[in-house]
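Chemist: Here it is, the structure, as structure tokens.
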Protein chains: 2
Amino acid sequence: MKDGPHIAAIAALIGDPARANILSALMDGRALTISELARSANVGLPTASTHISKLEAAGLLLSIKQGRHRYVRLSGEDVVHTLETLMLLAARTGHRRVRTGPRDPALREARVCYDHLAGARGVQMFESMVQSRLLECGGGHVRLTSAGRRFAQRFGIDLGEHQTKDSVTCVSCLDWSERRDHLAGRLGCACLSRIFALKWARRDKDSRAVLFSANGLREFNRLFPI
Amino acid sequence: MKDGPHIAAIAALIGDPARANILSALMDGRALTISELARSANVGLPTASTHISKLEAAGLLLSIKQGRHRYVRLSGEDVVHTLETLMLLAARTGHRRVRTGPRDPALREARVCYDHLAGARGVQMFESMVQSRLLECGGGHVRLTSAGRRFAQRFGIDLGEHQTKDSVTCVSCLDWSERRDHLAGRLGCACLSRIFALKWARRDKDSRAVLFSANGLREFNRLFPI
DNA sequence: ACGATGCTTCGCTATCGGTCAAACCATGAA
DNA sequence: TTCATGGTTTGACCGATAGCGAAGCATCGT
């Protein structure tokens, strides 16, 4: 009753096509410049500038100036989560695009979600780790077991001092393709970094897709079976 | 990049204060009439009517006509989930109201979320059931164990033929008060109904709060310890 | 049959906000 | 210094839409 205006303020910001495009373009966690975002949203540079100012003032974006560029990124995972939730709702109510683009299957297979792995491979990784008792999942929280800690070390991830509770939280990033959770948080971020470092996969240049190599997929499947 | 407009269409709908108020008022799962919603949103009756038509056309609401009334309700739990996610984001970015209303603590304690229990008591119930191995939680899914099935029967819940997988899904309804999951789905709905039937608690008249009686809370705590 | 109630539709106004051109500022390069 | 590039600001335009009064239906009660 009273909280209508609060969510309306945020939703109205996301509710503009240009701004929604800007936010979508940032969903892979990268920091982009104003002009890149303007092009991505199909608006002029001044328009994008004002939009981004508003989004930053509202706390959805962060930006840093470097030289004459201004790099903009999302302010947190909760923004990604909100956007994915909206996508899910849009899909259910028939607002999604009917024609699934050519790179759509690749996105369903594996994609970047802010800074971690999502899509079929992301779910596989998470469920495999739960199955193998590397992760303990209960009551909305995820804890790394001692076996999981050893596994991480063997995998080449240095959790270091970031072993706090929330650093390995499983943010239930329920996405539109798989209706399942996948691993987010620092551990999810580190896993994806490692996958890239091992050259098991690389990022598609202009989408959120993660493209596995044949060999990389084999290794991935061996490490995270079924 | 291409999915900007899709989420923008939905977000724009939620982005209007009057519509956001209407949606918020419906978050307790009840079906309300147009005039009730108009009053709740502080707009005239014609205005509310058009808003509701738009929301229904977009698939966010469902309505049935009964006599000269038209009863409106949310079209599904995903709408609730989206709204709660937006509230969460609004709270984090400082858009929440500073003055926490008088009935705010009660909402944090226990409240209705669409058709199931949320808030501290909702989380307690869920975590207790996981702890006691009544529920098995892994990989974003929740399954009722055989012990859980016996428990449900003893508790007076007839799951009947609704023993399909998704009927007991744990929709990760991460809410603004507790940042944890709680039980949704048919099982969550049935539990809350049972709690009301046993007179352990009753609903506040004009909010989403669930008010436990002293005795009801004792029984609840015994059944769902820690 | 009559009026009352709940809701919808129409028509209108006022307002808000997205958009861009042009001017302006700041930084980096030659 | 001078030019070029990236970004911001200003101002004006314009389309979209929220809002409501009034009229129009439909349904219920009497």
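The values are calculated or read from the model by the stated rules, or taken from the named source; none is laboratory data. Keep in mind that this is a model prediction, so the values were computed, not measured. So basically every Cβ, Gly included, is an ideal-geometry build from the backbone, and we count neighbours across all protein chains shown. All accessible areas refer to the heavy atoms of the entire protein, side chains included, with ligands and DNA or RNA removed. Shrake-Rupley method; radii C 1.70, N 1.55, O 1.52, S 1.80 Å.
Chemist: Those residues that are away from DNA strand D (no atom under 12 Å from the Cβ) and among the basic types (Lys, Arg), I need them from region A:10-56; list them, please.
Modeler: Of everything in region A:10-56, those that are away from DNA strand D (no atom under 12 Å from the Cβ) and among the basic types (Lys, Arg) turn out to be A:ARG19, A:ARG30.
Chemist: Right, here's the next one. Pull up region A:135-179, narrow it to residues that are closer than 26 Å to A:ARG108 by Cα and aromatic (Phe, Trp, Tyr), then point me to the one that is modelled with the lowest pLDDT.
Modeler: So the residue we want is A:TRP176.
Residue-wise test of (1) out of contact with any Gly (no Cβ under 8 Å at 6 or more places or on another chain); (2) modelled with pLDDT of 90 or more; (3) buried (at least 21 other Cβ atoms within 10 Å of the Cβ).
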residue	(1), (2), (3)
B:LEU83	yes, yes, yes
B:ARG96	yes, no, no
B:THR100	yes, no, no
B:ALA106	yes, no, no
B:ALA118	yes, no, yes
B:VAL123	no, no, yes
B:ARG133	no, no, no
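Chemist: Counting only residues that are open to solvent by less than 70 Å² (accessible area, probe 1.4 Å) and within 11 Å of chain A (Cβ to nearest Cβ), which one in region B:49-73 is nearest to DNA strand C (Cβ to nearest atom)?
Modeler: B:GLU56
Chemist: I'd like to know if region A:10-20 contains one or more residues that are within 11 Å of chain B (Cβ to nearest Cβ) and either touching a Pro at 6+ places or on another chain (Cβ under 8 Å) or more than 13 Å from DNA strand C (Cβ to nearest atom) (or both). First the steps, then the outcome.
Modeler: Let us first name the residues in region A:10-20 that are within 11 Å of chain B (Cβ to nearest Cβ), namely A:10-20.
Those still in the list that are either touching a Pro at 6+ places or on another chain (Cβ under 8 Å) or more than 13 Å from DNA strand C (Cβ to nearest atom) (or both) too: A:17, A:20.
Within region A:10-20, one or more residues are within 11 Å of chain B (Cβ to nearest Cβ) and either touching a Pro at 6+ places or on another chain (Cβ under 8 Å) or more than 13 Å from DNA strand C (Cβ to nearest atom) (or both).
Chemist: Further question: Could you list, ordered by first residue, the pairs with Cβ atoms under 9 Å in which the first is in region A:22-37 and away from every other protein chain (no Cβ under 11 Å) and the second is of a type in the set (Lys, Arg), at least 6 apart or interchain?
Modeler: Short answer, once both residue conditions are applied: A:GLY29/A:ARG73; A:ARG30/A:ARG73; A:ALA31/A:ARG73; A:LEU32/A:ARG73; A:THR33/A:ARG70; A:ILE34/A:ARG70.
Chemist: Which ones in region B:7-19 are free of Cβ contacts under 8 Å to residues at least 24 places away in the same chain and surrounded by 23 or more Cβ atoms within 10 Å (Cβ to Cβ)?
Modeler: Passing the criteria: B:ILE7, B:ALA8, B:ALA11.
Chemist: In region B:28-46, which residues are open to solvent by 40 Å² or more (accessible area, probe 1.4 Å) and within 8 Å of DNA strand C (Cβ to nearest atom)? Give the derivation first.
Modeler: Of the residues in region B:28-46, the ones open to solvent by 40 Å² or more (accessible area, probe 1.4 Å) are B:30-31, B:35-36, B:39, B:42-43, B:45-46.
Selection gives B:SER35, B:GLU36, B:LEU45, B:PRO46.
Chemist: Would region A:182-193 turn up any residue that is modelled with pLDDT of 90 or more, surrounded by fewer than 18 Cβ atoms within 10 Å (Cβ to Cβ) and more than 30 Å from A:LEU88 (Cα to Cα)?
Modeler: no
Chemist: Shifting gears a bit: Only residues that are of a type in the set (Gly, Ala, Ser) and open to solvent by less than 40 Å² (accessible area, probe 1.4 Å): list them for region A:207-223, please.
Modeler: Filtering region A:207-223 down to residues of a type in the set (Gly, Ala, Ser) leaves A:207, A:209, A:213-214, A:216.
Passing the criteria: A:SER207, A:ALA209, A:GLY216.
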